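Take a look at the structure below.
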Amino acid sequence: MPQLGWTLHWSRHALTGAPALARAPHPFLQVIAATWLTAMLLLLSTAVAQAAPANDDIAQATPITTLPFTDSTATVGATRAPGEWTCDGSSDVTTTVWYVFTPAADTSIVASTVGSDYIITLSVHTGEPGALTQIVCNQEYDDHFQSQAEVHFAATAGTTYFIMVGCGYRYCPGGDLRFSLDATQHLELTIALQGHVPPISDDLAAFIAAAREAGSGLLSQHLVGLNATDIGQGGPGNGVDEAVPMSFTYPAFAAISSAILTVTLTPQDRLIGTDALMVIDTGQHVGNDLLQGLPVGQESTVRINLQNVEVNGPSHWSGGFLEPLGRTDQTPILLDGDLDLVYQDDAIVHSATLTITGTPRATLAPAPPQ
C-alpha cells in the first residue's frame, strides 16, 4: 500500500542558504486545497450577487402611511452612502435602509427594531436628503448581539421624518430586520348620549330592519329613544318591553387599555333582572349581572367594564334570570371606532356614556410621489 505523507530531508543547502529543490504536494492535498478554494469563491460570488433591499437608499425610503406599521426584511446586500453615521457620528455604520413618514397630526411616536438578529443603529432625521438633522438615535443590543434599539420622539404634523436603520459596526453583513413604528400617546375619549334621540349608525339601522322583518325577538316590537322618547317605531314610551338602540362613533384606536360603558336608567318592571345590552357586532348579551336587583321606579347608574363583561344567553333561563355564559373582552370590536348597542327591555334609559382610554390609530399624510 502506498504511504501518504512527507519525508523531511535536511541538507547542507538549507544550512548554507543555497536553494533546495521544492517538492510538489501530494495529489490528495491538492484535491483538498482545490475544494476549499472553490467553496470560498462560491461564497464570495453569492455575497456579491445579493441584491440590495428596495429601500437601501434614502431616495427610495419605504413610505409609512398608516400606524401601527411593521416591516420584516433582510438587509444583507444593503449598502452605505456618504453622510450615513452611527449615533456617535462615526462612519462605521453599514447596510443601511430607510423609512419615511409625515404625520397629519401631532403624535408621540415609538420606532423599534427589537427582534432583529444583529446590532442596529436606529436614528430619526428631519430636513432634506443630503442635509439631514438627526433628532434622536439609539444603539442597544442584548448579550446575544441582537438589537434592542428603540427611539421615542414627538412628531409634528406636516413634518417629514426619515428613519435610518443601519448595522452599528464596520464590516457588518446585515441580517434579518424587524422594524415597527407606532403612536404612543394615550387618549381618554368620552362620548355621552343624552337628550332624547340617540344616534343610530347605518349598520345598526340595517340590523334593526332585518330583525324587524324577520320578527326576531323584541326588536320586532317597540323601539324608543332615551327617556322613552317615541322615535317612530311604535313605542308607547313607558319603559316596559321596549328596546333602546344607540350608536357610539369615535376615532379608531390601535390599542385600548380601558373601556367603560356607564348607563343611567330607571327600571319599570320587576323583570329588570332579565334585561341586558345586545352588542350588535357580536350578537352577545352583556351586563345582565349588573342589572339584577335594581329597585323598580328608582334611577340607578350601572358601570360596565367592556374588557371584562359577563355574557348571558338570550334564550336560556335560570331562576328567572338570563343564564351566565362566562366573561369576555369586547376590545376587538371597539378598535375600529364604533359600537352599536340595543338595551332590552324593562327600563327607561336616561343616558349612556362610553369612555375609552388607549393609543389612537394615527392618521398620516399621504406619501409624497416617488
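Among 326-336, 245-255, 269-279, how do they line up by average Cβ neighbours within 10 Å per residue, starting with the highest?
For the peptides 326-336, 245-255, 269-279, the packing ranking is 269-279, 245-255, 326-336.
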Legend entry - Whether the range 187-360 is rounded, prolate or oblate, judged on the alpha carbon gyration tensor where a/c under 1.5 counts as rounded: rounded
Legend entry - Highest average packing first - 256-266, 60-70, Cβ atoms within 10 Å: 256-266, 60-70
Legend entry - Contact order normalised by residue count of the range 187-360, Cα under 8 Å, 6+ apart, percent: 34
Inset, instruction - Provide the packing ranking of 165-176, 203-214, 287-298, i.e. peptides ordered by the mean count of other C-beta atoms within 10 Å per residue, highest first. - result: 165-176, 287-298, 203-214
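Work through the residues other than N308 whose Cβ is under 9 Å from its Cβ and net out their charges, Lys, Arg +1 and Asp, Glu -1.
Values: positive: R327; negative: E310, D329.
For residues surrounding N308, the net value is -1.
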Legend entry - Total formal charge among the other residues, if their Cβ is under 13 angstrom from that of L204, Lys/Arg +1 and Asp/Glu -1: -4
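All of the numbers you see were taken from the coordinates with simple rules; none came from a lab. Computed from a predicted model, the values in this text were never measured in an experiment. When we count neighbours, we look across all protein chains shown, and the Cβ atoms used for this are built from the backbone with ideal geometry, even at glycine.
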